[in-house]
Structures are given as structure tokens and as C-alpha cells.
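What follows draws every value from the coordinates through simple rules; no lab data is involved. Please read these numbers as outputs of a predicted model, since none were measured by experiment. Note that each Cβ is placed from the backbone with ideal geometry, even for glycine, and that neighbours are counted across all protein chains shown.
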Amino acid sequence: MKVDYSFITTVTPGEEKELAKLYREAEWWDGQGDSEWIRQLPQRSTLFLVARCEGRIVGMGRVIADGVSDGYLQDVFVTKAFRRQKIGSELVRTLTASAAAMGIDWLLLIAAPGKTQFYEALGYHVMPQYVPMRFGGRP
Ligand SMILES: CC(C)(COP(=O)(O)OP(=O)(O)OC[C@H]1O[C@@H](n2cnc3c(N)ncnc32)[C@H](O)[C@@H]1OP(=O)(O)O)[C@@H](O)C(=O)NCCC(=O)NCCS
């Protein structure tokens, strides 16, 4: 199985559906309403990386950054049928290296429950006593 990785800034309507599927499968979006916001993400993120197999998007990840020093790794997803094949690892490695090449040396992420080891194997570490916080919304 050959998987290609590429940075994108725009999506076709078909790719928008593939990205929407990734957000739904990860349960980060309930699939209700227009997916217009997904269409905007590649252009508005600093880095937006996709993994494709036979032309179809099977994974993604992105970095939001100031382009100078600080950045956040977000939305690392692999579609269910393609998990545990190191695609997620390659997405994180490539995004991390690209952010570093831009001078981003403060790269943070919030690991979802149970995902700490996945990121630790890729060079990330837990910051003791620092706690992720979200404004408003549900706890
Ligand atoms: C997390 C995710 C991106 C990992 O992608 P992946 O391509 O399956 O991961 P990899 O194959 O690169 O995994 C590398 C290693 O990380 C660890 N790992 C991966 N997924 C894991 C999981 N769900 N639970 C615990 N450890 C996991 C394993 O040690 C794995 O090595 P192994 O398969 O040899 O045991 C994918 O499971 C996913 O999309 N999950 C839903 C969305 C999500 O939670 N994203 C992370 C948000 S912080």
C-alpha cells in the first residue's frame, strides 16, 4: 500500500467530503450542517498535511502557528480502515519537521485521552503542572 503525503491549501468538493469523514470518525464533528468550515481550514492553517492512498485522503494533520516561534499541532486523524499502519506517525513527524524548519520551536498539542504514548514516541512530552484550558464550552 503506497501512501503519499502532501501539503495542501485548497480542497476539491470530493476532498472536502473525505476530510469531513475524518472529523466525523474522530467524533470531533457530528456531521450536522454545512462543512464549509472544513473547506476553509487548509487555506487558513499554517500547515495542512494530508495522506493519500490511491488518490483518496486517508489521513490529515495541521499546524496553526505564528510563523516565527510558536505553533500548535492539531487535528491528527487517520481514517479507521488505515489506522495502525504508521500513517499517523508519519503525519506528525512531517508536520513537526516542517514547523521546525520554519523556526517554530515551541510546538504544543493537546493529546486526546489514551493518545499520550502515540505522541511520546514521536518526541513530545507531557508538561507536568501545565494544564490545557478551554474558554467556555463544556468541560
Ligand atoms: C491517533 C491516530 C491519529 C493514530 O494514527 P495511526 O496511523 O493509527 O498511528 P500509528 O500507526 O502511527 O501508531 C504508532 C504507534 O502509536 C501507538 N498508537 C496508535 N494508535 C493508538 C491508540 N489508539 N491507542 C494507543 N496507542 C496508539 C501505538 O504504539 C502505535 O504503534 P503499534 O501500532 O506498533 O502498536 C488515529 O488512531 C486516529 O485518527 N485516532 C482518532 C483521532 C484522534 O484521537 N487523533 C488524535 C488527537 S490528539
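The residue that is farthest from MET1 (Cα to Cα), counting only those in the stretch 56-80 that are part of a strand (DSSP E or B) and more than 13 Å from the ligand (Cβ to nearest atom), is ASP70.
Candidates are the residues of the stretch 112-139 that are of a type outside the set (Ser, Thr, Tyr) and outside any loop (DSSP other than H, G, I, E, B); the one that is nearest to the ligand (Cβ to nearest atom) is PHE118. The number of residues in the stretch 4-40 that are more than 17 Å from VAL58 (Cβ to Cβ), within 15 Å of the ligand (Cβ to nearest atom) and surrounded by 16 or more Cβ atoms within 10 Å (Cβ to Cβ) comes to 1.
Applying the selection to the stretch 42-54, what residues are within 16 Å of the ligand (Cβ to nearest atom) and either without any contact (Cβ under 8 Å) to a residue 24 or more places away in the chain or among the small types (Gly, Ala, Ser) (or both)? Once the filter is applied, which keeps residues that are within 16 Å of the ligand (Cβ to nearest atom) and either without any contact (Cβ under 8 Å) to a residue 24 or more places away in the chain or among the small types (Gly, Ala, Ser) (or both), the stretch 42-54 yields SER45, ALA51. Here ALA65, ALA112, ALA101 are screened, and the one residue that is aliphatic (A, V, I, L, M), closer than 26 Å to GLN43 by Cβ and exposed (fewer than 12 other Cβ atoms within 10 Å of the Cβ) is ALA101. Hey, any hits in the stretch 55-70 for a residue that's without any contact (Cβ under 8 Å) to a residue 24 or more places away in the chain, closer than 21 Å to PRO132 by Cα and within 11 Å of the chain's Cα centre (by Cα)? Taking every residue of the stretch 55-70 in turn, at least one turns out to be without any contact (Cβ under 8 Å) to a residue 24 or more places away in the chain, closer than 21 Å to PRO132 by Cα and within 11 Å of the chain's Cα centre (by Cα). Checked against the criterion of being closer than 20 Å to GLY103 by Cα, free of Cβ contacts under 8 Å to residues at least 60 places away in the same chain, of a type in the set (S, T, N, Q) and in contact with a strand residue (DSSP E or B) (Cβ under 8 Å, 6 or more places away or on another chain), the stretch 9-22 contains not a single residue that satisfies it.
Identify, from the list TYR124, TYR130, TYR119, the residue that is of a type in the set (Ser, Thr, Tyr) and either surrounded by fewer than 13 Cβ atoms within 10 Å (Cβ to Cβ) or touching a His at 6+ places or on another chain (Cβ under 7 Å) (or both).
Numbers: TYR124 fails: either surrounded by fewer than 13 Cβ atoms within 10 Å (Cβ to Cβ) or touching a His at 6+ places or on another chain (Cβ under 7 Å) (or both); TYR119 fails: either surrounded by fewer than 13 Cβ atoms within 10 Å (Cβ to Cβ) or touching a His at 6+ places or on another chain (Cβ under 7 Å) (or both).
So the residue among TYR124, TYR130, TYR119 that is of a type in the set (Ser, Thr, Tyr) and either surrounded by fewer than 13 Cβ atoms within 10 Å (Cβ to Cβ) or touching a His at 6+ places or on another chain (Cβ under 7 Å) (or both) is TYR130.
Find the residue count for the stretch 81-111, including only residues that are part of a loop (DSSP other than H, G, I, E, B), within 15 Å of the ligand (Cβ to nearest atom) and touching a residue at least 40 places away in the same chain (Cβ under 8 Å). Walk me through it before giving the result.
Residues of the stretch 81-111 that are part of a loop (DSSP other than H, G, I, E, B), as a first pass: 83-86, 102-105, 109-111.
Right, trim to within 15 Å of the ligand (Cβ to nearest atom) and you get 83-86, 109-111.
Those left that are additionally touching a residue at least 40 places away in the same chain (Cβ under 8 Å): 85.
Result for the stretch 81-111: 1.
Can you name the residue in the stretch 41-55 that is charged (D, E, K, R) and not in a strand (DSSP E or B) and, of all such residues, is surrounded by the fewest Cβ atoms within 10 Å (Cβ to Cβ)? So the residue we want is GLU54.
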